[in-house]
1. Enumerate the amide H contacts of VAL42 below 5 Å, restricted to partners 5 or more residues apart or on another chain; note that Pro and chain-start residues carry no placed amide H.
2. Starting from 0.36 nm per residue, how many nanometres of slack lie between ASN135 and MET266 once their C-alpha separation is accounted for?
3. With the cut-off at 1.5 for a/c, could you classify region 162-234 from its C-alpha gyration tensor as rounded, prolate or oblate?
4. With each label point set 7 Å from Cα along the Cα-Cβ vector, what nm distance links GLU112 and GLU238?
5. For region 209-260, which trypsin sites (Lys or Arg not before Pro) are in a loop by DSSP, counting at most 13 other Cβ atoms within 10 Å?
6. Within region 149-176, which residues have the backbone N less than 18 Å from the label spot 7 Å out from GLU215 along Cα→beta-carbon, could you tell me?
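What follows draws every value from the coordinates through simple rules; no lab data is involved. Everything numeric here is computed off the predicted structure, so don't read it as measured data. Positions of Cβ are backbone-derived with ideal geometry, glycine not excepted, and every protein chain shown enters the neighbour counts.
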Amino acid sequence: MSRVVLVYFGLYRFECGVSMKRLIWLWLIFYTGSLYAHNQLVVDIMSSENFSQRYAEFLNGRSPLDVKSFYPTTKGSHIEIIEMVLLQQALFLGGETREVVFNPKPSVNIVEFSDMLSGESLILARSVWHEDIINYRGSLYVSDAVVEFGQYEAGLYVTKRNVALQNLPQEQLDQLTVVANPRWRVDWRALINTDINIVSFIGPWETMLNMVETEVVDAMLINFSVSQNLLLNFEEREYVPIQNIKMMLPDSRHFIVSKKHPQGEMIFAALNRGLKILRAQGVIDKALHQSGFINHLVKDWEYVNQQMLSSSQVVP
């Protein structure tokens with residue numbers, strides 16, 4: 001890269017009469033910029049889920065390395081923000097001290113892992129389901145679990161105005177229609193192991209939620225909101241979970257690192273070392289509980305798919 005630029009500067013000097021002093025000055029600017037770039041670690045994140053504003057609000061001027069309290073400061077899901085922080089803390093504890101810079105990318109590049117598989121991208125800022133990447137282990141390093149098997153819980157969300165459904169007893173779930181995307185394999189597997197009637201739909205999350213709003217279906221499986229009453233507010237529309245029941249999503253979630261990226265092996269080693277330290281210190285469990293991801297409000301609710309808790313745990 002630097003040789004190409006130097007050749008360009010050389011041609012520019014020849015054609016335009018730039019002095020040697022000027023050439024050296026330009027080269028120093030380029031070289032200094034290159035060194036600065038090398039002191040940053042680029043981490044990909046979905047551009048359609050750019051959490052930069054909520055991330056900044058959560059940090060509130062703190063360094064992510066100094067975060068000790070993970071209580072939410074915004075409404076809605078909070079796990080994405082927490083993972084951005086845990087990732088940086090793990091890398092630092094593992095010996096990777098460069099500044100992390102988040103790089104928004106189109107969701108299709110991330111969901112299909114194309115850039116990771118090719119080595120164009122190094123690492124993602126959020127965890128992924130183990131089931132989704134099990135066939136790519138030849139090209140991806142898979143970290144220790146961030147969310148362990150059995151920890152991911154979700155509710156069956158209905159419109160707030162539908163009071164009758166909010167208190168539907170578990171024995172009547174065979175009367176319920178729930179929209180689900182078969183490409184979300186973990187959600188799908190959780191639902192098909194129940195008596196619930198599934199309406200298959202491949203499309204945006206927002207469209208699926210609108211199907212609940214317009215009563216095309218009764219409910220949608222959504223991870224619990226961090227609001228005090230579990231209320232989900234989306235575009236001024238309110239949704240609440242059916243009371244006293246929850247579902248366990250049967251898989252674990254992990255960070256992934258590209259094996260084909262030149263820095264992949266080094267970054268993965270640092271990441272996993274750091275995750276082991278965070279796990280041993282209790283930081284990961286504290287983060288999941290304080291953030292509301294593991295929600296104390298539903299601690300005593302009954303699992304709809306209780307039998308899946310005894311499934312074999314995923315080993316990365």
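1. It is VAL101, by chain and number.
2. On the way: separation 131, 0.36 × 131 = 47.16 nm, distance 2.23 nm.
That works out to 44.9 nm of additional length.
3. On the way: a/c = 1.40, a/b = 1.08, b/c = 1.30.
Rounded shape, in that the Cα axes give a/c under 1.5.
4. Calculated label separation equals 4.1 nm.
5. Working: sites: ARG237, LYS246, ARG253, LYS259, LYS260; in loops: LYS259, LYS260.
Sites meeting the loop and neighbour criteria: none at all.
6. 157-168, 175-176
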